[in-house]
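Visitor: Pasting a structure below so you can have a look.
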Amino acid sequence: MEVKNGNLEAAIDQLLNAEKQMRFAGDVAGTKKAVTDILQLCFEAKDWKSLNEQIVNLSKKRGQLKQAVTAMVQQAMQYIDETPDLETRIELIKTLNSVSAGKIYVEIERARLIKKLAKIKEEQGLIAEAADLMQEVAVETFGAMAKTEKIAFILEQVRLCLDRQDYVRAQILSRKISPRVFDIDSSKEKKKPKEGDNVVEEPPADIPSLLELKRVYYELMIRYYFHNNDYLEICRCYKAIYEIPSIRENPSQWIPVLRKICWYLILAPHDPMQSSLLNSTLEDKNLSEIPKFRLLLKQLVTMEVIQWTSLWNSYKDEFENEKNMLGGSLDDKAAEDLKQRIIEHNILVVSRYYSRITLKRLAELLCLTVKEAEKHLSEMVVSKALVAKIDRPMGIVCFQVAKDSNEILNSWAVNLEKLLDLVEKSCHQIHKETMVHKAALK
């Protein structure tokens, strides 16, 4: 219907009468067409105030059909980008938000509206308000929303929490996404919906693919773990990014990621998980492309004392060069922690080769003062990285573990068993030689 001579109200009234008749008759198609035509008239006339009023009025009509409300919200959402200014845009979004609030059949539309509003708030510099808006929506409960859209929405919630430095909420929200979801083969997952099942909507065109979302997820988790200086978890995140096929195919992308894996492996405290990751990384053939890092990891695996000054002189330029790589530079705290890890490695090496050693000699091997050597050793004992006792008056460190009576008796029993086994084997060999000798004489 065309509006002649600007007589918008008369045209709307005519359509409202038609809408009323269709609604009472239960004509779904007719009601949907009537409400969308009303909105179209307001939009073509650029009467944004009337548009907002009609959306609210039509949604409040007695016995209004769900399908009509859904069609109306979807129609009006197309006009958001056509608004003349920001104020009008916000007003339209808020109107649609109030209409769709509490209605399950337009929950996806409401989520998308809130995302648009949060983006506007963020552009205005209101990060906290944008984060609060996004947290209102629990998309994980939406059955009809596409998986990629759900993940993208939750990741946006996590990002806003990290931007406002709300690390507790960021962690809670990130746990809504299982990392295993990124490894599911989407081609095998698609199946025909059964009768009665919810039909999953197609995600909007601007939603990234699952593998792109995987990278975004781990980049956000790196930001979270960096707050706590959890180097091992940061390393595992980079390892997951490294496994993405699009990155593995491009050396300009995987080399910076592999460098970061190496750095954070070295920065992580020594434990079984770190040791396992270290050995698996050393087996990676791609490590031959960055030989300096291969040599660095080899030094950590080899049970030999590492001289800190010579190591730092060799790798200082590489350390500084990280600021030009993916993930940004390593800070001063990382440089201190690197020295700490080298000292811990050296103490573990010494404990492997010595059962007793003087503090003075230990300090010489570690290139530290006696006081610093004692401090680092004490910290490792407290963290249960090794067992040691310091005799301070004598200045001796003992790395032997005190055995209880049961362990001593068990070790004796094992030794006796080995001895008897050797005697039996020796007797058997002597008997064999005797038989061979006798046969030769005959």
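Visitor: Any residue that is open to solvent by less than 50 Å² (accessible area, probe 1.4 Å) and more than 24 Å from Val216 (Cβ to Cβ) - is there at least one of those in the stretch 252-266?
Guide: yes
Visitor: If you take the residues of the stretch 65-89 that are closer than 23 Å to Lys150 by Cα and without any contact (Cβ under 8 Å) to a residue 24 or more places away in the chain, which of them is least open to solvent (accessible area, probe 1.4 Å)?
Guide: Asp81
Each row is one residue, and each column tells you yes or no for (1) of a type in the set (Phe, Trp, Tyr); (2) open to solvent by 50 Å² or more (accessible area, probe 1.4 Å); (3) part of a helix (DSSP H, G or I); (4) modelled with pLDDT of 85 or more.
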| site | (1), (2), (3), (4) |
| --- | --- |
| Glu304 | no, yes, no, yes |
| Asp317 | no, yes, yes, no |
| Ser329 | no, yes, no, no |
| Glu344 | no, no, yes, yes |
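Visitor: Scan the stretch 159-182 for residues that are under 16 Å from Ile207 (Cβ atoms) and either aromatic (Phe, Trp, Tyr) or part of a helix (DSSP H, G or I) (or both) and report the count. Explain how you work it out, then say what you get.
Guide: We begin by selecting, within the stretch 159-182, every residue under 16 Å from Ile207 (Cβ atoms); these are 159, 177, 181-182.
Going one step further and asking which of them are either aromatic (Phe, Trp, Tyr) or part of a helix (DSSP H, G or I) (or both), we end up with 159, 181-182.
Of the residues in that region, 3 qualify.
Visitor: Quick one: which of Leu126, Leu92 is hydrophobic (A, V, I, L, M, F, W, C) and surrounded by fewer than 18 Cβ atoms within 10 Å (Cβ to Cβ)?
Guide: When all the criteria are applied, what remains is Leu126.
Visitor: Pull up the stretch 331-342, narrow it to residues that are out of contact with any Leu (no Cβ under 7 Å at 6 or more places or on another chain) and at pLDDT below 85, then point me to the one that is nearest to Leu365 (Cα to Cα).
Guide: This residue is Ala335.
Visitor: Can you find a residue in the stretch 82-92 that is on the phi < 0 side of the Ramachandran plot and either small (Gly, Ala, Ser) or in contact with a Ser or Thr (Cβ under 8 Å, 6 or more places away or on another chain) (or both)?
Guide: Yes - at least one qualifying residue is present in the stretch 82-92.
Visitor: Considering only residues that are within 21 Å of Leu210 (Cβ to Cβ) and either in contact with a strand residue (DSSP E or B) (Cβ under 7 Å, 6 or more places away or on another chain) or touching a residue at least 60 places away in the same chain (Cβ under 8 Å) (or both), which ones fall in the stretch 128-176?
Guide: Ala146, Lys147, Thr148, Ile151, Ala152, Leu155, Val158, Arg159
Visitor: Out of curiosity, is Tyr105 farther than 24 Å from Met221 by Cα and surrounded by 17 or more Cβ atoms within 10 Å (Cβ to Cβ)?
Guide: Numbers: farther than 24 Å from Met221 by Cα: yes; surrounded by 17 or more Cβ atoms within 10 Å (Cβ to Cβ): no.
Spelling it out, it is not the case that Tyr105 is farther than 24 Å from Met221 by Cα and surrounded by 17 or more Cβ atoms within 10 Å (Cβ to Cβ).
The values are calculated or read from the model by the stated rules, or taken from the named source; none is laboratory data. Keep in mind that this is a model prediction, so the values were computed, not measured. Ideal geometry is used to build each Cβ from the backbone, glycine not excepted, and the neighbour counts take in all protein chains shown. SASA here: full protein model, heavy atoms, side chains in, ligands and nucleic acids out. Shrake-Rupley method; radii C 1.70, N 1.55, O 1.52, S 1.80 Å.
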